[in-house]
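Trainee: Please see the structure below; I have some questions.
The values are calculated or read from the model by the stated rules, or taken from the named source; none is laboratory data. Please read all numbers here as calculations on a predicted model, not as lab measurements. So basically every Cβ, Gly included, is an ideal-geometry build from the backbone, and we count neighbours across all protein chains shown.
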Amino acid sequence: MAGAKEIRTQIKSIGSTRKITKAMEMVAASKMRRAQERMHMARPYAEKMRHVVAHAASANTEYHHAYLAARESVSNVGYIIVSSDRGLCGGLNSNLFRKVVGDMADNHNKGVGINVCVIGKKASAFFKRYGANVVSEVTDLGDTPQLEELIGAVKIMMDDYEEGRIDRLYVVYNNFVNTMTQKPTIEQLIPVVPSEEVETKHHWDYLYEPEAKPIVDTLMDRYIESLVYQSVADNNACEQAARMVAMKAATDNAGKLIDELQLVYNKARQAAITQELSEIVSGAAAV
Amino acid sequence: MATIQVDIVSAEQEIWSGAGTMVFAPGEVGELGIAPGHTPLITRLSPGDVRVIKEDGEEEFIFVSGGILEVQPHVVTVLSDTAVRGHDLDETAALEAKKRAEEKLADSAAEMDYAQAQAELASAIAQIRSIEKLRKLRK
């Protein structure tokens, strides 16, 4: 009887695959909740920072920071590309890379040079293959990214800006809209885009202790870092959400496949029995 | 008694928030005492304890490893660093990140990159599939 045994083995193997994908789905779901929390926890800092920076920028400060002024000609740009370390999360990373590669090609056609800072193994592998000029990299951030690990990589890009090697800096990440939607986003970091909230004209300024320059410098560095951290936290939540959805789809598909195979198996078994019976009957008739 | 709102946040989480009658912070140029109605001020902090005296007279100690302190007449915001920072430390971290990138580019042949292999495998499988489809169509 052809196939019945093979089909049974196949059903079994798909069944164990389904178990794995189901488990991964549940793990991703619980990790996603924590990643979302982390994402929200990072918000107050970024918000407070934004307020202080907006104040400092609109107050009549005698010192203007380099990050606040846009340069007239752009001959080089930098990208900080945030990706996940692991795969099996649907089209999350490829969608992001597609978007950024399109943007890079536009810049390239305009004759603009490109420097890249990669965060996460997927971006590292992809942009190495792509042949981009990767100047710094961070991988293995794990499920709880720490700001500390990002400092170095971000600093290289900020130094590049200050020393004129790049004239604009973007961060590229997946924006967490909700569990089903992750939006690949390219955001300009430097020069700092003025916030939309219309600030009333300030007639006061802070007391700077000891003086404005070092404080504004630190403030700006921290601000950029916090934005990058925020993108990493966002991307992390996206990764878990995307993985959850992908694994759910895989589990469903495995279920469907098993149902179909079960039907085929039953038919094969039935056919075997029928055949055997008819053999016996015809055998008996011949006697 | 007049109070002042105190928010202590770091890039990773909100650390402490509440009202106090007096705040002490380790400013870079010396210890600062801030009472409600203080002039707007901004300064960097050195690693140390931020002390908040609450309305009931109890004290709250929060360790910060540096950061920025912003004072508005009714709000004190501490933007705490998550790690001990210093110019040299930052520099070292930057160099490390750079080195990693360079090493990655250099030893492309050394160990087979798993992610890359996977990507190549996926594209090979896709090619095979489309070839098979074409064959079926021809038949």
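Trainee: When the residues of the stretch A:110-161 are narrowed to those that are part of a loop (DSSP other than H, G, I, E, B) and in contact with a Ser or Thr (Cβ under 6 Å, 6 or more places away or on another chain), which ends up modelled with the lowest pLDDT?
Mentor: In this case the residue turns out to be A:THR139.
Trainee: Of A:ALA153, A:ALA125, which residue is in contact (Cβ under 8 Å) with a residue 60 or more places away in the chain and at the interface with chain B (Cβ under 7 Å from one of its Cβ atoms)? Break it down into steps so the answer makes sense when it comes.
Mentor: Details: A:ALA125 fails: in contact (Cβ under 8 Å) with a residue 60 or more places away in the chain.
None of the other options fit; the residue is A:ALA153.
Trainee: Whether any residue in the stretch A:220-229 is more than 14 Å from chain B (Cβ to nearest Cβ), modelled with pLDDT of 90 or more and farther than 30 Å from A:SER73 by Cβ is what I want to check.
Mentor: Keep residues of the stretch A:220-229 that are more than 14 Å from chain B (Cβ to nearest Cβ), which gives none.
Checked the stretch A:220-229: no residue is more than 14 Å from chain B (Cβ to nearest Cβ), modelled with pLDDT of 90 or more and farther than 30 Å from A:SER73 by Cβ.
Trainee: Does A:ALA2 count as more than 20 Å from A:VAL177 (Cα to Cα), aliphatic (A, V, I, L, M), modelled with pLDDT of 90 or more and surrounded by fewer than 16 Cβ atoms within 10 Å (Cβ to Cβ)?
Mentor: no
Trainee: Select, from B:GLU60, B:GLU14, the only residue that is touching a strand residue (DSSP E or B) at 6+ places or on another chain (Cβ under 8 Å), away from chain A (no Cβ under 11 Å) and either of a type outside the set (Val, Ile, Thr) or surrounded by fewer than 14 Cβ atoms within 10 Å (Cβ to Cβ) (or both).
Mentor: Exactly one residue qualifies, and that residue is B:GLU60.
Trainee: I want to confirm something. Restricting to the stretch B:46-57 and keeping residues that are farther than 20 Å from A:ASP217 by Cβ, part of a strand (DSSP E or B) and not aliphatic (A, V, I, L, M), which single residue is nearest to the other protein chains (Cβ to nearest Cβ)?
Mentor: Going through the qualifying residues, I end up with B:GLY48.
Trainee: Surrounded by fewer than 16 Cβ atoms within 10 Å (Cβ to Cβ), modelled with pLDDT of 95 or more and either more than 18 Å from B:ALA11 (Cβ to Cβ) or under 12 Å from the mean Cα position of the chain (by Cα) (or both): which single residue out of A:GLY164, A:GLY255 fits that description?
Mentor: Exactly one residue qualifies, and that residue is A:GLY255.
Trainee: Looking only at the stretch B:46-57, which residues are within 23 Å of the chain's Cα centre (by Cα) and either surrounded by fewer than 17 Cβ atoms within 10 Å (Cβ to Cβ) or over 14 Å from B:VAL9 (Cα atoms) (or both)?
Mentor: B:SER46, B:PRO47, B:GLY48, B:ASP49, B:ARG51
Trainee: Please work out if B:ILE15 is among the hydrophobic types (A, V, I, L, M, F, W, C) and either modelled with pLDDT of 90 or more or under 30 Å from A:LYS128 (Cα atoms) (or both).
Mentor: When the stated conditions are applied, B:ILE15 does not pass them.
Trainee: Yes or no: the stretch A:56-78 includes at least one residue that is in contact with a His (Cβ under 6 Å, 6 or more places away or on another chain) and touching a residue at least 24 places away in the same chain (Cβ under 8 Å).
Mentor: Taking every residue of the stretch A:56-78 in turn, at least one turns out to be in contact with a His (Cβ under 6 Å, 6 or more places away or on another chain) and touching a residue at least 24 places away in the same chain (Cβ under 8 Å).
Trainee: Name the residues in the stretch A:77-112 that are touching a Lys or Arg at 6+ places or on another chain (Cβ under 7 Å), within 14 Å of chain B (Cβ to nearest Cβ) and either aliphatic (A, V, I, L, M) or on the phi > 0 side of the Ramachandran plot (or both), would you?
Mentor: Matches in the stretch A:77-112: A:LEU88 only.
Trainee: Scan the stretch B:23-45 for residues that are in a strand (DSSP E or B) and surrounded by fewer than 17 Cβ atoms within 10 Å (Cβ to Cβ) and report the count.
Mentor: 3
Trainee: Would you confirm whether any residue within the stretch A:64-84 is among the aliphatic types (A, V, I, L, M), modelled with pLDDT under 90 and in contact with an Asp or Glu (Cβ under 8 Å, 6 or more places away or on another chain)?
Mentor: Within the stretch A:64-84 (the criterion being among the aliphatic types (A, V, I, L, M), modelled with pLDDT under 90 and in contact with an Asp or Glu (Cβ under 8 Å, 6 or more places away or on another chain)), the answer is yes, since at least one residue qualifies.
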